[in-house]
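Below is one structure; the comments refer to it alone.
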2 protein chains.
Amino acid sequence: MNAASATQPVRVVDIIRRKRDGGELARREIEHLVAAYTRGDVPDYQVAAWLMAVVLRGMTRVELAALTESMLRSGEVLDLSELPAVKVDKHSTGGVGDKTSLVLAPLVAAGGLIVPMISGRGLGHTGGTLDKLESIPGFNVNLETADFRRVLRACGCAMIGQTAAIAPADKKLYALRDVTGTVESPYLICASIMSKKLAEGIGALVLDVKTGSGAFMKNEDDAAFLAELMVATGERMGKKMVALLTDMDQPLGRHVGNALEVEECLEVLRGGGPDDLRELCLELAGWMFHLGGSDAGVEKGKQRAAALLASGAALDKFRAMVELQGGDAAALDDVARLPRARRTAVVPSPREGFVASIQCEQVGTASVVLGGGRERKEDAVDPAVGIVLHKKVRDRVTAGEPLCTLHYNSDEKLSAARSLIERSYRIDPQPPAATGPLVRRIVRGAGEGS
Amino acid sequence: MNAASATQPVRVVDIIRRKRDGGELARREIEHLVAAYTRGDVPDYQVAAWLMAVVLRGMTRVELAALTESMLRSGEVLDLSELPAVKVDKHSTGGVGDKTSLVLAPLVAAGGLIVPMISGRGLGHTGGTLDKLESIPGFNVNLETADFRRVLRACGCAMIGQTAAIAPADKKLYALRDVTGTVESPYLICASIMSKKLAEGIGALVLDVKTGSGAFMKNEDDAAFLAELMVATGERMGKKMVALLTDMDQPLGRHVGNALEVEECLEVLRGGGPDDLRELCLELAGWMFHLGGSDAGVEKGKQRAAALLASGAALDKFRAMVELQGGDAAALDDVARLPRARRTAVVPSPREGFVASIQCEQVGTASVVLGGGRERKEDAVDPAVGIVLHKKVRDRVTAGEPLCTLHYNSDEKLSAARSLIERSYRIDPQPPAATGPLVRRIVRGAGEGS
């Protein structure tokens, strides 16, 4: 037997060596490592060596579930049993213009489910839900647990940031991974995401795993592998799970940047908005309703979601949540109240033809360069700046016709961003082959046959 | 190109990631990592992650040479150019009863070469040259560089421990490897050994790489791989190199334990001693003479070594060195002056037959248990205790005939050691197949054709 017997004391160096040699760790060994590290009883250098061994050796599904649970249990797990409705959430691995959370939370709450959404900030070239919400004047994402509950009770959805009480092991491990070259492991990514999401006390989770030039996982098979790990891990912990692999070869929708994205979400909540964004919101909401058990099948769920957008019920829910979290609800009806950049600049097409591709990560980086994201953790974001795309892949353009409009507050930043945008568009004389579907694959849980 | 360009600043996390992904590091990146870590400018956790990546990804020969040189140059490199003779040394990877250094240093110095030997202490189940030397009353292994030089000038050999000035990077890295499960890498073992040995300012090095049940590398192919790495690394740095893979499936000679091993070395220096020990000393000395350039071929070197033992010249040299390093030279002629255990106990054979095998690591561990080695670094060793083997592999025994005599100072320790010894001997009714040769393979340098 590889795993240590239950009566022996656990030695961290033996745990490291076994993983190094490709062996399987016992649950109690993983629990010990995570708990002792979180307490400060195991030094960073031992955990760094172990993390690198995990990156290069991988984990079994059983080990991964033990790691995720140990990280989850390092902190508070919300008990929302006082609220009778099913609790459901969505998580995205991050993309450019990926703003569905702002639509989905009120939309699914309008359908009677509870959405206790704990989100993150922008990372690298991708935006973050918290940064977007904070562009609504007064909106407070830093609620304590009691206030989070209060908002959930009042309107069925609430959107906050990770509190210190949630998965402290993940915070500590993530900071170490960042400086030890151990970020890029599907196992460690899975444990990090799932330990935070499952702290929400939800019964079902829909994962939006991005793939393509604007995603962290550029390769579709890598994304599918991560999706399978997360679905398997969630199911082991008794959650209803599904993962949608969705396209991130170009930005989602037309707006990239915090206030600009809020504006586009409001269009969707009013029943409009760009096709791809609206379609993905309906798809994800359909699955949330389906897994939440309030509809028979994903299609029924999508129809219900479309009706809630058309009736204005989802927008009303969003307005209620914004008010409950201290935001200026009037800004939802008068977007001039949202932060606005002082200047705009158009990037014209250099020639006639068709948009063959948009290097999506560069568009995200251009938004960061304008001030819409962070180069370092401690940077402040400029909520007003960003990019509006007038042309997307397969669109026809004439020479000089605007491809994008940049919203900016600094000439210096404009020139760097403009050059990134110019290089990100490829214009060909012939239209490109048809783009793939928005949802490329669906990874279902074992308990989810349909 | 994988390696960073020479004009960019080096980021440690990028070095870690490149090694993690199986890429090759540039010399200046390795130099930076080692120098900055030694200075304390790179934290343990980053180096721990890098070490684990090296364990699992390996290194190219070019990377390994850069690592070894960086570690070597982290400290003082002896310049012995004032001494006209060729400087040569031998290094063993460690075994049980492996005491050849005490014979070789004076023997080869008696032949006119300079042997500036820097040795280590017992590690795990193996003994250490310094511990053995210190069983000679008064012998001082802690010489400063100036005194080391003085002894070398006076008698041609000197035997000391690693000073703080030698390869401090190795000291720091070794301590980290010990607690992060990154000891067992042939690349890291090679760099550690070679960085210390090459600090001696030698021109040629003979490696005795042990393989078998009492060696760290039990598997012969693993030992051969390590031997090849060390030979290639030394050659890249301009040294004449050879490695002998030698048998450690049973203890070398008949004595295990510090003072007991000194006693056995004196037998060899007087022209006697057990066959295997004497044979290996002649073999290694033959290569040292050959690489040192003072003889035409290894066979000639062996003959010369045999003559120096027979004439007493080697013993005289040993006596001179012991005196120069403060030791009681009278103990060499009257071994009753060496530390002696208060009691002895015989382990008899349980049956008639032939010794089929001796689990060699257990014999080493038995000696450690008696007090002859260290369980923790800070433990003191008992120079007097140990084991004398009366029977070795293929020897015939009758029931009740002594297999070993244990020399001990504590009843409690005796019982633990006795049980290890009893389990280490296998007695079969038929004699075992012939044992393999003492020297199993010779790994020659490219510049060493003969």
A:A85 vs. criteria on the phi < 0 side of the Ramachandran plot, of a type in the set (A, V, I, L, M, F, W, C) and assigned to a loop (DSSP other than H, G, I, E, B): yes
Residue count for the range A:390-405, restricted to those that are of a type in the set (D, E, K, R) and within 8 Å of A:S349 (Cβ to Cβ): 2
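Here is a yes/no grid of residues against (1) farther than 30 Å from A:A232 by Cα; (2) open to solvent by 20 Å² or more (accessible area, probe 1.4 Å); (3) in contact with a Pro (Cβ under 6 Å, 6 or more places away or on another chain); (4) among the basic types (K, R):
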| position | (1), (2), (3), (4) |
| --- | --- |
| A:G400 | yes, yes, yes, no |
| A:E412 | yes, yes, no, no |
| A:S415 | yes, yes, no, no |
| A:R423 | yes, yes, no, yes |
| A:P432 | yes, yes, no, no |
| A:V439 | no, yes, no, no |
| A:G445 | no, no, no, no |
Enumeration of residues in the range B:27-46 that are closer than 12 Å to B:K172 by Cβ, open to solvent by less than 40 Å² (accessible area, probe 1.4 Å) and of a type in the set (V, I, T): B:V34, B:V42
Cβ-Cβ under 6 Å pairs, at least 6 apart or on other chains, the range B:202-225 side in the same structural domain as B:L282 (by TED's automatic domain parsing), far side small (G, A, S) and open to solvent by 40 Å² or more (accessible area, probe 1.4 Å): none
Every pair of residues 6+ apart whose Cβ atoms lie under 8 Å, when the first sits in the range A:154-179 and is at positive phi while the second is open to solvent by 10 Å² or more (accessible area, probe 1.4 Å) and part of a helix (DSSP H, G or I): A:G156/A:A110; A:G156/A:K317; A:A167/A:L72; A:A167/A:K196
Residue check, B:S70 assigned by TED's automatic domain parsing to the domain that holds B:E267, assigned to a helix (DSSP H, G or I) and on the phi < 0 side of the Ramachandran plot: no
Those residues of the range A:34-49 which are in a helix (DSSP H, G or I), over 15 Å from A:R17 (Cβ atoms) and not charged (D, E, K, R), in sequence order: A:V34, A:A35, A:A36, A:Y37, A:T38
Selection count, the range A:40-59, where residues are facing chain B (nearest Cβ under 7 Å) and free of Cβ contacts under 8 Å to residues at least 40 places away in the same chain: 5
Extreme residue, farthest from the other protein chains (Cβ to nearest Cβ), among residues of the range A:60-94 that are open to solvent by less than 10 Å² (accessible area, probe 1.4 Å) and β-branched (V, I, T): A:V88
Exclusive hit being within 23 Å of A:A336 (Cα to Cα) and in the same structural domain as A:S192 (by TED's automatic domain parsing), set A:L284, A:L309: A:L309
Lone qualifier among B:A199, B:A204, B:A175 - being within 30 Å of B:E24 (Cβ to Cβ), at pLDDT below 95 and buried (at least 23 other Cβ atoms within 10 Å of the Cβ): B:A199
Single unsatisfied condition, B:L291 versus (1) surrounded by fewer than 22 Cβ atoms within 10 Å (Cβ to Cβ); (2) under 26 Å from B:T145 (Cα atoms); (3) not polar (S, T, N, Q): (1)
Scan of the range B:229-270 for residues that are surrounded by fewer than 24 Cβ atoms within 10 Å (Cβ to Cβ), hydrophobic (A, V, I, L, M, F, W, C) and assigned to a loop (DSSP other than H, G, I, E, B), ordered by number: B:M237
Per-region count, the range B:362-385, residues of a type outside the set (A, V, I, L, M), buried (at least 24 other Cβ atoms within 10 Å of the Cβ) and under 30 Å from B:P429 (Cβ atoms): 2
Answer from A:A204, A:A110, A:A175 - the residue that is closer than 24 Å to A:V77 by Cα and more than 14 Å from chain B (Cβ to nearest Cβ): A:A204
Which numbered condition B:V347 fails, given (1) among the aliphatic types (A, V, I, L, M); (2) under 27 Å from the mean Cα position of the chain (by Cα); (3) modelled with pLDDT of 95 or more; (4) buried (at least 20 other Cβ atoms within 10 Å of the Cβ): (2)
Residue check for B:D14: within 14 Å of chain A (Cβ to nearest Cβ) and either surrounded by fewer than 16 Cβ atoms within 10 Å (Cβ to Cβ) or free of Cβ contacts under 8 Å to residues at least 40 places away in the same chain (or both): yes
Filter pass, B:G97 being open to solvent by less than 20 Å² (accessible area, probe 1.4 Å), out of contact with any helix residue (DSSP H, G or I) (no Cβ under 8 Å at 6 or more places or on another chain) and not hydroxyl-bearing (S, T, Y): no
Flag for B:R278 being touching a residue at least 40 places away in the same chain (Cβ under 8 Å), more than 26 Å from B:M71 (Cβ to Cβ) and surrounded by fewer than 24 Cβ atoms within 10 Å (Cβ to Cβ): no
From the options B:L102, B:L78, B:L83, residue that is touching a helix residue (DSSP H, G or I) at 6+ places or on another chain (Cβ under 7 Å) and modelled with pLDDT of 95 or more: B:L102
Failed item, numbered, when B:S311 is tested on (1) within 30 Å of B:G436 (Cβ to Cβ); (2) open to solvent by 30 Å² or more (accessible area, probe 1.4 Å); (3) of a type in the set (S, T, Y): (1)
Subset tally (residues that are farther than 22 Å from B:S81 by Cα and touching a residue at least 40 places away in the same chain (Cβ under 8 Å)) for the range B:134-151: 8
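The values are calculated or read from the model by the stated rules, or taken from the named source; none is laboratory data. Computed from a predicted model, the values in this text were never measured in an experiment. For neighbour counting, all protein chains shown are included, and Cβ atoms are generated from backbone atoms with ideal geometry for every residue, glycine included. Areas reflect the complete protein model, heavy atoms only, side chains present, ligands, DNA and RNA absent. Shrake-Rupley method; radii C 1.70, N 1.55, O 1.52, S 1.80 Å.
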